[in-house]
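Here is the structure we will look at.
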Amino acid sequence: MKCTMDFKVKGLSLAEQGDLLIEWASAHMPVLSQIKQRFEKEKPLKGAVLGACLHVTKETAVLVQALKAGGAKVALCGSNPLSTQDEVAAALAKTGVNIYAWRGETTKEYYWCVNKVIDHNPIITLDDGADLVGTLHSKRTEALKTVKGGTEETTTGVVRLKAMEKAKALKYPIIAVNDAHTKHLFDNRYGTGQSTIDGILRATNVLLAGKNFVVCGYGWGGRGLATRARGMGAHVVVTEVNPVRALEAAMDGFQVMSLNEAARMGDIFVTVTGDTSVIRKEHVVKMKSGAILANSGHFNVEIKIPDIESLAVSKRTLRSNLEEYKLKNGKRLYLLAEGRLVNLASAEGHPSEVMDMSFANQALCAEYLMKTQRLEVKVYDVPKEIDDMVATLKLKSMGMEIDKLTAEQSKYIASWEEGTI
Ligand SMILES: NC(=O)c1ccc[n+]([C@@H]2O[C@H](COP(=O)([O-])OP(=O)(O)OC[C@H]3O[C@@H](n4cnc5c(N)ncnc54)[C@H](O)[C@@H]3O)[C@@H](O)[C@H]2O)c1
């Protein structure tokens, strides 16, 4: 780690407000708080430099505090140019975190921040979307020699890492935190579901009841979003490319159709696929005037914005995170948060309670990587003991007890001899 006071944030004067936000998040993250207390005593990350590229939110700050309690030095940048909460960034900078993040970074500034984190020569990387790993493997290969392992927070990052592994381009082992049960079943589903609605409402304040709400992609994020939109009284339509997921959506009670068809009837469209060019020119021209478009997938490529730009005669910002495009055909379309993750750019990201589990996995996987001597270079699942421990601690924090298998039951479910009696 170079200089402990090296950072770049919007303004340190915001730190006091940031402290209060972090305090509020921490109060809703009992599992991570418990891990932090243990880390304080055991110092499992003593002297380790951790390089993190994560959305800089109040919950990420609680994770950083836990890692620091474990003895780590943390260098942090945001994982999206629009997701940094400047108050939180200021508070972290004040406590000696080498943070490089502010809301509204240009692409060039974004990668400047990523490179500043790499300058600290991390031994472990914590990534969200694999931009840090991608930069290390392409433009900063000299820094690879100090890296022992890494973790990845989101579906899109895991997809990219698995492609790297397949192409034999991956140079160090990475744990796919996203794939832990205690991560994607809750964060991607309930976190994305609720916070995406939150982002849409903060940007527009439209009534969801009675609207045709089109969800593109019925994965973990899409399932959560479709369910929450239905709960607000919207008529939810799902579009998919995977027949099994489409069938699941249909049997969950949603209307399934092609996007070409949905384009004509939708009032609100949200992409959450991890794919590119999902909403493009052929769909945009069919949309009703007044249609609202948002994305909750990792990158801002799911809505093909250049297509909207090419069809537009004018564009204006109506309110924060809400841009109006007037099209050549006279219709008006509304794009939220520049097509970036609407839940983070236009709201605060996932609620703390759900990030409690995601970031408990991150902290425990960082500890696991530090403790483990040698790992083959590949993408790993989160060890089952960690996943189960996070679930157990979370249940406990919620005051819930569950049953235990009796000896007879353990034997029965592990055997094949007993059948119809
Ligand atoms: N907004 C957030 O805070 C947040 C949180 C978690 C994940 N994510 C991101 O959201 C995206 C989706 O994550 P997930 O966990 O739901 O992934 P997932 O793999 O579970 O689901 C994605 C679904 O999209 C479908 N799909 C792919 N291309 C499509 C297309 N052209 N049209 C319609 N459907 C299509 C796939 O068949 C799949 O069912 C990823 O980019 C992930 O990184 C965002």
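Over the stretch 57-161, the fraction of Cα-Cα pairs per 5 Å bin, rounded to whole percents and listed from the shortest bin up, is 2, 12, 23, 27, 22, 11, 2, 0.
Taking 203, 345, 407 as the candidate residues, the one with maximal mean-square fluctuation in a Gaussian network model of the chain, Cα springs under 10 Å, is 407.
When the Gaussian network model of the chain links Cα atoms closer than 10 Å, the mean-square fluctuations of 115, 260, 295 top out at 260. Any chance you could tell me what percent of the C-alpha pair distances in the chain go past 39 Å? Of all Cα-Cα pairs in the chain, 21 percent lie more than 39 Å apart.
When the Cα positions of 349, 362, 314 are compared along the charge dipole of the stretch 311-376, 314 comes out farthest toward the positive end, with charges on each C-beta of Lys, Arg, Asp and Glu. Around the amide H of residue 79, modelled in the peptide plane, lie the amide H atoms of 54, 55, 56, all under 5 Å away and 5 or more residues distant in sequence or on another chain. For residue 234, the residues 5 or more places off, or on other chains, whose built amide H falls under 5 Å of its own are 210.
Surface composition of the chain: carbon plus sulfur atoms hold 54% of the accessible area, using a 1.4 angstrom probe and ignoring ligands, DNA and RNA. Normalising by the residue count of the stretch 309-421, find the relative contact order in percent from Cα pairs under 8 Å and 6+ residues apart. Result for the stretch 309-421 is 12 percent.
In the stretch 328-403, the convex hull through the Cα atoms has an average projected area of 10.1 nm², a quarter of its surface area. Taking Cα centre as origin and charging only the Cβ of basic (Lys, Arg, +1) and acidic (Asp, Glu, -1) residues, the dipole magnitude of the stretch 364-404 rounds to 120 debye.
Can you give the Rg to Rh ratio for the stretch 220-284, taking only C-alpha atoms and Rh from Kirkwood? Dividing the radius of gyration by the Kirkwood radius yields 0.92. With R₀ fixed at 51 Å, the C-beta to C-beta distance from residue 95 to residue 288 puts the FRET efficiency at about 0.55. Stokes-Einstein at 10 °C, 1.306 mPa s, Kirkwood radius from Cα pairs: D for the stretch 105-188 in µm² s⁻¹? Rounded, D is 120 µm²/s.
Of the three principal axes defined by the Cα atoms of the stretch 1-70, the extents in descending order read 34, 32, 19 Å.
Taking only alpha carbon atoms, the stretch 370-421 gives an Rg to Rh ratio of 1.17, where Rh is the Kirkwood radius.
Each Lys and Arg Cβ is given +1 and each Asp and Glu Cβ -1; about its Cα centre, the stretch 219-325 then shows a dipole of about 240 debye. For the chain, a crude dipole built from +1 on the beta carbon of Lys and Arg and -1 on the beta carbon of Asp and Glu, taken about the Cα centre, is about 1220 debye to the nearest 20.
For the stretch 307-421, what does the accessible surface come to per residue with a 1.4 Å probe? Please give it in Å². Value returned for the stretch 307-421: 61 Å² of accessible area per residue.
Rounded to the nearest 500, the helix-only mean residue ellipticity at 222 nm of the chain stands at -12500 deg cm²/dmol, with each DSSP H run of n ≥ 4 adding -39,500 (n - 2.57).
Hydrodynamic estimate: the Kirkwood radius of the stretch 291-421 over Cα pairs, inserted into Stokes-Einstein at 10 °C and 1.306 mPa s, corresponds to D of 79 µm²/s. Summarised as an ellipsoid, the stretch 164-237 has semi-axes of 32, 12, 11 Å, derived from the eigenvalues of the Cα gyration tensor scaled by 5 and square-rooted, with the largest first.
The values are calculated or read from the model by the stated rules, or taken from the named source; none is laboratory data. Predicted model only: the values in this text are computed from it and were never measured. Positions of Cβ are generated from backbone atoms using ideal geometry, with glycine treated the same way; all protein chains shown enter the neighbour counts. For the accessible areas, the whole protein counts, side chains as well, though only heavy atoms, and no ligand, DNA or RNA atoms are used. Shrake-Rupley method; radii C 1.70, N 1.55, O 1.52, S 1.80 Å.
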